[in-house]
Amino acid sequence: MPTAIEIFKHLPKKNCGDCKFPTCLAFAMQLANNKAKLDDCPHLSEAGKNALASSSAPPIRLVKVGVGRTAVDMGDETELYRHDKRFFHPVAFALRLADDLGEDDLYKRLSYARSLRFERVGQVLKLDMLELECRSGNAERFASFAKKVSAETDLPLVLRAKDATVLSAANLIKDRRPLLHGADASNLKEMCAVAKGCALPLVVGADDLNGLADLVEAARKEGVEDLVLDPRPANLKELLERCTIIRRSAIRKTFRGLGYPIYLSIPAGRDGMLMASTAVMKYGSLLSFEELPASNALPLMVLRQNIYTDPQVPIQVKPDLYPVNNPGPEAPLLFTTNFSLTFFTVMSDLEKSKVPVWLQVVDTEGLSVLTAYSAGKLTAESVKNALTATGALERSRQGRLIIPGMVARMAVKLNEATGLQIVVGPKESSGLPKFLRS
Amino acid sequence: MEVPVPKEKWTGSIGEMELGASAEKGGSRSSLRLGGNRGLPFLSFEDPAARAVALAGFVADTLDDVPLAVKKAFGEAVNDPVGWAVAWKEKGADLICLHLTSTNPEEKDASPEEAAATVMKVMKAVELPLIVYGSGHPEKDAKVLEKVGEAAKGERLLLGQAEEGGYKSVAAAAMANGHAVIGFSNLDINLAKQIVILLTDYGVGRGDVIIDPLMAALGMGLEYSYSVNERIRISALSGDAMLQVPMICDCVSAWKAREASDDVPHAGDALERGIWWESTTALAALLSGADILVLGHPEAMNIAKDAVKGFRGEA
Ligand code: B12
Ligand code: SF4
């Protein structure tokens with residue numbers, strides 16, 4: 001948002017009060033603090049409205065790709081460092097499919113893309129998009145390929161071709177809101193015409209940032225506003241530096257010329273993996289992978305999950321009494337904390353054991369067992385209160401409580417607080433199946 | 001159109017220091033320079049000098065806590081810290097990180113003298129700089145590191161580790177014999193600063209301290225470490241003198257994350273995944289400000305090497 005004085009310059013200066021503020025300046029001050037809306041002034045000129053709307057736009061434009069439930073939002077970030085607030089729109093991962101693939105290979109690759117899906121601490125980690133690349137050079141082939149794949153998947157699509165005629169296949173599936181890839185200095189006007197004609201977002205690419213900013217300016221003149229940048233780094237250094245300059249100039253300098261999400265084409269192999277990991281941490285919005293083996297996908301997706309968690313709020317689960325494997329009153333009672341990582345690790349081990357148990361999850365504000373204990377958030381009192389709140393002792397009537405091995409030192413106090421017999425479990429929950437069976 | 005290159009206006013820089021002492025300086029090994037950075041990691045428009053990063057190979061003198069994949073990668077060599085260290089040198093490590101786990105009083109309980117002898121043997125076989133840890137048992141470590149420090153006087157070791165609860169004996173062992181010391185703290189910028197203050201108040205030179213803010217591995221709290229490290233670096237560059245020291249990040253703990261090596265359905269080859277688990281942790285450490293990485297798997301070392309070269313624009 002611009003400052004109150006900058007806003008004031010564009011107001012009618014009538015001081016008529018129709019905006020419910022006594023003066024234009026007062027109104028400007030409220031606007032600057034996001035406490036009023038531009039529309040509240042009925043006398044604002046068209047020119048003033050445009051000037052204000054564009055200067056109050058977010059420093060990095062929000063670009064939407066796809067439709068419905070699987071649509072991906074990119075951009076609209078406000079921070080350079082995640083600890084200052086958080087990163088909002090997780091970098092999207094796309095797998096590339098070329099239009100010269102044989103029928104069999106295409107279906108194999110589609111089913112592989114579907115298999116890239118993991119459940120972790122209660123969240124689903126998965127592939128977000130498919131990129132369809134024209135390698136055949138044949139417009140008809142590419143068009144029928146795009147139609148075929150779009151019928152097979154509900155994932156958002158990127159359509160990638162060097163030639164605008166080929167890319168006009170986008171018209172066939174424009175209601176899926178694909179992202180178009182391929183504008184550069186050689187074809188900008190034609191590519192913009194396709195993007196504008198179908199009202200679709202467009203990636204512009206150049207080998208240096210000044211050239212990229214020129215392309216952005218030119219594309220906007222052609223009427224395309226939903227842009228994505230491809231800074232085409234040739235190596236890790238260029239990737240890190242270009243992405244950093246783009247993000248910083250947008251956020252620190254409110255430089256509109258590069259205030260867009262970043263697309264990166266990721267080569268196969270080790271170099272690609274290094275580029276991808278770097279881009280997850282340093283400002284990528286969409287990574288298009290030539291290849292993405294599952295052994296690489298999981299660490300990358302976990303890295304993305306880690307970097308994009310809200311630093312103020314650990315991923316946590318509801319504190320409650322959880323029945324596992326259909327327990328009855330004779331089933332043993334255990335407790336753990338409500339940190340998602342802890343909860344899901346313990347849960348999966350308990351399920352593996354097939355032994356029916358009651359699991360009391362204590363509210364530790366999302367901290368792990370030892371962290372919570374050290375922070376004084378896991379105490380004999382807090383465990384006792386949790387058991388009372390859920391009526392756990394009416395459900396499990398063993399009169400015993402199995403506690404995490406890491407907090408064996410809580411045993412005496414817990415016994416005093418609850419009157420239960422305390423059994424110290426293994427340190428790692430992976431030891432639980434064996435422990436519970438014996 | 002001229003894109004503005006938005007340099008941050010840093011007022012501070014990371015202090016320089018050396019590990020390992022050559023013959024001229026009274027030691028018997030190669031030496032490494034660390035620190036001196038004036039900008040955030042690998043941004044040449046902020047800090048044109050090539051960033052010094054040292055990659056340390058993890059070695060332990062007992063095998064209980066060593067990840068299986070690491071043992072397999074080194075084969076027979078892991079049965080002897082000397083052979084293991086030699087293997088690391090061949091695989092391109094810049095320095096060795098030796099854990100004297102045999103001294104753990106609850107297990108093998110090797111004496112400080114035995115531990116010092118192990119260190120001397122490793123030093124004789126490999127002329128790289130050395131990081132030496134005890135077993136993590138504060139009282140015993142004090143005795144072990146005192147002996148090790150004396151035996152290796154003048155070699156400019158890096159001794160680990162000083163913690164808020166007990167730092168004096170390690171600090172003394174370092175000060176008396178010309179070694180550097182690791183100040184450990186628990187994932188918190190203020191605690192990182194606190195341990196440097198304690199050490200320097202006690203008499204350790206600031207040029208002799210390296211901080212370890214605890215690198216939590218991928219999926220195990222990496223995001224906390226990434227942000228704590230970044231904040232430490234930003235504060236240092238903004239002028240906080242007590243944080244203007246190099247940073248060490250141990251990435252071997254990545255193998256403790258179960259997803260790194262368990263059979264996870266559809267998650268591909270477990271070894272390849274584990275190597276990337278460690279490597280991704282290493283990359284997060286590098287980008288958030290690490291000057292020394294401790295690595296366990298030789299392939300993770302190769303990857304980290306390529307990453308450093310790539311960030312410097314050498315590859
Ligand atoms: C990430 C982390 C943090 C994060 C918090 C993450 C979170 N949401 O909990 C942050 C940075 C906030 C943090 C802060 C602190 N931390 Co911390 N932290 C860690 C770290 C690196 C990982 C913890 C983790 O996620 N573990 C994974 C989970 C799954 O483990 P878990 O909950 O223990 O569960 C396992 C077992 O306990 C068991 N289990 C669990 N439930 C049950 C139930 C039963 C019945 C059984 C049998 C078993 C079982 O199975 C699970 C899987 O194996 C550890 C060091 C490490 N590498 O372990 C230190 C660590 C836990 N932290 C520690 C400390 C001291 C702190 C602080 C007090 C430091 C400080 N002074 O500021 C603060 C306190 C927090 C606060 N004031 O808000 C110490 C604890 C020391 C001790 N031995 O008591 C540790 C061990 C680090 C160390 N070596 O010094 N920390
Ligand atoms: S309505 Fe418009 S012109 Fe009237 S006081 Fe408010 S800002 Fe000024």
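What follows draws every value from the coordinates through simple rules; no lab data is involved. Bear in mind that the values here come from a model prediction, so they are computed numbers and not experimental data. Glycine also receives a Cβ, built like all others from the backbone with ideal geometry; neighbour counts cover every protein chain displayed.
Projecting the Cα atoms of B:Pro246, B:Ala260, B:Leu293 onto the charge dipole of region B:230-315, computed from C-beta unit charges around the Cα centre, puts B:Pro246 farthest toward the positive end. Projecting the Cα positions of A:Ile251, B:Ala216, B:Gly35 onto the charge dipole of the protein assembly as shown (unit charges on Cβ atoms of Lys, Arg, Asp and Glu, taken about the Cα centre) puts A:Ile251 furthest along the positive direction. If I build a Gaussian network model for chain A, linking alpha-carbon pairs within less than 10 angstrom, which residue out of A:Leu227, A:Leu101, A:Leu188 has the largest mean-square fluctuation? Maximum among the listed residues: A:Leu101. Enter the Cα centre distance for the pair region A:262-280 and region B:1-59, rounded to the nearest angstrom. The distance from the Cα centre of region A:262-280 to that of region B:1-59 comes to 25 Å.
Three principal axis extents describe the C-alpha atoms of region A:321-437; from largest down they are 33, 28, 21 Å. Look at where the Cα atoms of region B:149-219 and of region A:81-160 average out, and the two centres are 48 Å apart.
Nearest 10 degrees is fine. How inclined is helix A:269-281 to the longest principal axis of chain A, computing both from alpha carbons? That works out to roughly 90 degrees.
For B:Gln161, the residues whose modelled amide H falls within less than 5 Å of its own, excluding neighbours fewer than 5 places apart on the same chain, are B:Gly134. Each part reduced to its alpha carbon centroid, region B:223-293 and region A:220-251 end up 26 Å apart. Shielding value for B:218-229 is 6, the average number of Cβ atoms from other chains within 10 Å of each residue's Cβ. A:Lys37: net charge of surrounding residues, Cβ under 15 Å, Lys/Arg +1, Asp/Glu -1, itself excluded? Local net charge: 0. Annotation: amide H-H contacts under 5 Å for A:Val362 (H modelled 1.01 Å from N, sequence separation of 5 or more, or interchain): A:Thr336, A:Thr337, A:Asn338. Based on C-alpha pairs under 8 angstrom that are at least 6 apart in sequence, region A:321-437 has a relative contact order of 31 percent. Take each residue in A:233-240, count the other chain C-beta atoms within 10 Å of its C-beta, and the mean is 5. Dipole check for region A:321-437: with +1 at the C-beta of Lys and Arg, -1 at the C-beta of Asp and Glu, and the Cα centre as origin, the magnitude is about 320 Debye. For region B:192-235, a simple Cβ point-charge model (Lys and Arg +1, Asp and Glu -1, everything else neutral) yields a dipole of about 120 debye relative to the Cα centre. Rounded to the nearest 20, the Cβ-based charge dipole of chain B about its Cα centre (Lys and Arg +1, Asp and Glu -1) stands at 760 debye. Near B:Ser279: Cβ cut-off under 15 Å, other residues only, Lys/Arg at +1 and Asp/Glu at -1. The net charge is -3. Take each residue in A:81-88, count the other chain C-beta atoms within 10 Å of its C-beta, and the mean is 3. Close amide H partners of B:Ala60, meaning residues 5 or more places away or on another chain with modelled amide H under 5 Å apart, are B:His99.
Pairs of lysine residues in region A:133-249 that meet both criteria, 8 or more places apart or on different chains and Cα atoms under 16 Å apart, total 6.
Restricting attention to the protein assembly as shown, close to 20% of DSSP beta bridges with both partner residues there are antiparallel. Separation of the alpha carbons by more than 26 angstrom is noted, of B:Lys140/B:Lys305; B:Lys121/B:Lys143; B:Lys71/B:Lys256; A:Lys108/A:Lys282, for B:Lys140/B:Lys305; A:Lys108/A:Lys282.
Summing Lys and Arg as +1 and Asp and Glu as -1 over all other residues whose Cβ lies under 12 Å from the Cβ of A:Ala380 gives a net charge of +1.
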